[in-house]
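The values are calculated or read from the model by the stated rules, or taken from the named source; none is laboratory data. Because the structure is a prediction, the values reported are computed rather than measured. Cβ atoms come from the backbone with ideal geometry, glycine included; neighbour counts cover every protein chain shown. Accessible surface areas use protein heavy atoms only, side chains included; no ligands, DNA or RNA. Shrake-Rupley method; radii C 1.70, N 1.55, O 1.52, S 1.80 Å.
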Amino acid sequence: MDPHKERIKTGCHKILDGINSMSLVNLDDQQVHSLVMMREIARGVVDDQNRKVTRNDVIRALRRSILKMVCASRDIIRLLSRMSYEGLDDQQMNLLLRMNEIAHRIIDKRPRVAIARPNLLVEQVALLDEGMRDSPVVESSKIGDALIDGAQSMSNDDDMLDVEHVLRFENGMNVAQESLSPSCFQQFLLWPPDDCITLEWVQDMMSTFEHVSQKVLPSAFCNIVRTILVDKLTDAASSILCEEPNCVEVDCEGEDSRVIVVGDIHGQFHDLLSLFKHAGVPSESQFYVFNGNYVGKGAWGIEVLLVLLAWKVLMPHRIYLLCGNHESRYYTGRYGFENEVWTKYGKQGEYVYNKFLECFKVLPLASVIANCVYTTHGGFFRSKHSAPSRKPKHRKTQRVDLGSLAELSEVKRARIGSPYEGPNILLTDILWSKPSKRNGLRENAGRKYGLWWGPDCTEAFLKRHNLKLIIRSHEGPDARAGQDDFGNMMIGYSLDHDVESGKLYTLFSAPDYPQFGQKRYNNEGAYAILQSPDFASPSFFSFKAAERPTVDPYVDSDADEMDLPAPSSSQIASTSAFCASQRPYPGGSRPIFDFSLLGIDNGPSWSVELGDGLGGTQVMQVPRAPVVEGLPLPPNIQEPHRSAYKYLFELVGALKHVVVTRETVNRARVSALRSRTKKRKGRKSNS
């Protein structure tokens, strides 16, 4: 062969390879059209064709690309349908599901994006919509014929082919962009492959949650935020939170530093976004301190938690998350968060719920900002020397001694619940206590938890720790309704104590509260800004509720007073007049398996209600058994019976395990008691 022609062929091979490997995302239609024309000219040289490349050659090239793409997508779908998914982790499952989704999207969307004037293909494509996925070979050929007819009808020079869409589709770019566009809601968030959260990742999470909340059913939320992401994010945040002391020191002494203090949010995600828009997101010069109660009585507690945890992982020394009284097992069950998790995660709900509970355990209890401002959820706490050694039989009003920050540092906060006795009762106090106009520190006789403290305690605490300002939360317009002593919280904050050493404010950041409840207060939320150099002189900013979608409540609207004890067993029994589907479960919890698939409306739950020794009740979760009889099930049992049998076997196994464990403990106690009795009798006989 002529060396000159050989060099030309070699150059054309390189042109073909170069164009086929190019990304065409940023090119316009004319540029892409020119590249395809160049590619076909090069192909003609390589194939020894001595004719002029025409516009129809370009159309045929695009048609071949589309047909090749459709056939390959069908092959992928067939292979995935035959695969076994056993042994795959969530990340691998995500990738396979994503691949399957992209393949289906290529087949479904291709006719509508192939050319700029899709109406020319309507008649040809309309016949192919039915059963497109069922017959790969036949349907692919029909698609090819439809595209040929449609492309040939555009062969005059006045019609422009939108080749950018087609070639970007071939390279997979159009699929990826479409799957992340606002009009598509099948996307899901992926944990960063290098385990490194970025600002762009957090911002993408917030915008995705906002969009998904308006377009996606709660039951489909697990398709957007996979369990593996919740697992990794909560673990990353917990590893940071567990290293923080009970009372965190917020070091913000820079000249342009400022701190935003936020009160209760209660699952109102859109109002959290509104707050960020008003005040700005965390940055090197802007700190955030959240006073707790992120979940409960709102539809988007998961979204609120995940966004705040993501910010915590991204900027651990710029955002501080304190614990609220709703960050507990009992109140997440009573006020809807547990049901929210199960609604959004289905069979994985129990695992996800427990991951959040583990994260709640390590949330700090208070903060000191710039050495002069104290924040917490509830308020003050007793001295550990005033803590009762055992649970009191009757709640009496009595005076107790005020605790110190040094004593607070000794509290073991890694627990979910509100202790009644011992030094850890300080944990209950700090989450539940409330201010009073009456001097002194005393137990709250009318409530189950917490203390009342007066202005003298505020003065003593400020003076003792050289502080000038206290910002606490815990009380919204519902708690202040009908009270004349303090502000009604309708503007989101209230000045409660003004003493010689400083001031005490209550701050509430959930406007139009509560989302789920018998009465909406149409209140404003608020946040406080503490600015350098005088952090002890706060500025408060009120804001109205953001627009939010309507969602069915996760919480019984009767559960409106957060301090009321749980319903007694007699109260639950009295609901037998209701239909089965309306009958409440303990703590609002419902079975993980949907027994309505079998026509059963009151299936057994993993929650049981027990007496608390004070005339009230508490909801307990049945612990899982290490070994379950009857599993694995035979392969011939079909759904939904298979899942129902598995659920019941696990529950029965857990209950048997509880009985055996309790019986073993009781026998050990009886044996020890008999042994002590024999020893006492032996000593008496010897004497």
Non-local amide H neighbours of residue 497 (under 5 Å, H modeled in plane, Pro and chain starts lacking H): which ones?
-> 504
Would you kindly derive the ³J(HN,Hα) couplings of region 432-437 from the backbone phi angles with the Karplus curve 6.51 cos²θ - 1.76 cosθ + 1.60 (θ = phi - 60°), listing them in order in whole Hz, with x for Gly and Pro?
-> 10, 5, 9, x, 9, 7
Local electrostatic count at residue 306 - Lys and Arg +1, Asp and Glu -1, tallied over other residues with Cβ under 14 Å = -1
Net charge over other residues, Cβ less than 14 angstrom from the Cβ of residue 656 (K, R count +1; D, E count -1) | -1
May I ask you to list the lysines whose Cα is less than 17 Å away from that of residue 297, ignoring any residue fewer than eight positions away on the same chain?
-> 344, 519
Just tell me which lysines come within less than 18 Å, Cα to Cα, of residue 656; anything on the same chain fewer than 8 places away is out.
-> 646
Karplus (6.51, -1.76, 1.60) ³J(HN,Hα), θ = phi - 60°, over region 261-278, in Hz, Gly and Pro reported as x | 9, 10, x, 4, 10, 6, x, 8, 4, 5, 6, 5, 4, 4, 4, 4, 5, 6
What accessible surface, in Å², does a 1.4 Å probe find on residue 93, ignoring ligands, DNA and RNA and rounding to the nearest 10?
-> 50 Å²
Compare the peptides 192-202, 373-383 by average per-residue count of other Cβ atoms within 10 angstrom and give them in order, highest first.
-> 373-383, 192-202
Residue 287 long-range amide H proximity, modeled H, under 5 Å | 258, 259, 260
Can you give the FRET efficiency for residue 239 and residue 54, using 1/(1 + (r/R0)^6), R0 = 51 Å, r = Cβ-Cβ distance, to the nearest 0.05?
-> 0.20
Using the beta-carbon distance between residue 659 and residue 95 and R0 = 41 Å, what value does 1/(1 + (r/R0)^6) give for FRET efficiency, to the nearest 0.05?
-> 0.40
Rounded to whole Hz, the Karplus (6.51, -1.76, 1.60) HN-Hα couplings of region 656-662, x for glycine and proline = 4, 5, 5, 4, 5, 4, 5
So what's the net charge close to residue 2: Lys and Arg +1, Asp and Glu -1, counting the other residues with Cβ under 14 Å from its Cβ?
-> +1
Nearest 0.05, what FRET efficiency do residue 201 and residue 684 give at R0 = 56 Å with Cβ-Cβ as r?
-> 0.15
List the residues whose amide H sits under 5 Å from the amide H of residue 327, counting only those 5 or more places along or on another chain, with H placed 1.01 Å from N in the peptide plane.
-> 293
May I ask you to give the solvent-accessible area per residue for region 209-254, in square angstrom, as obtained with a 1.4 angstrom probe?
-> 42 Å²
Tell me the label-point distance for the pair residue 46, residue 409, using the 7 Å Cα-to-Cβ offset, in nm and rounded to one decimal.
-> 7.3 nm
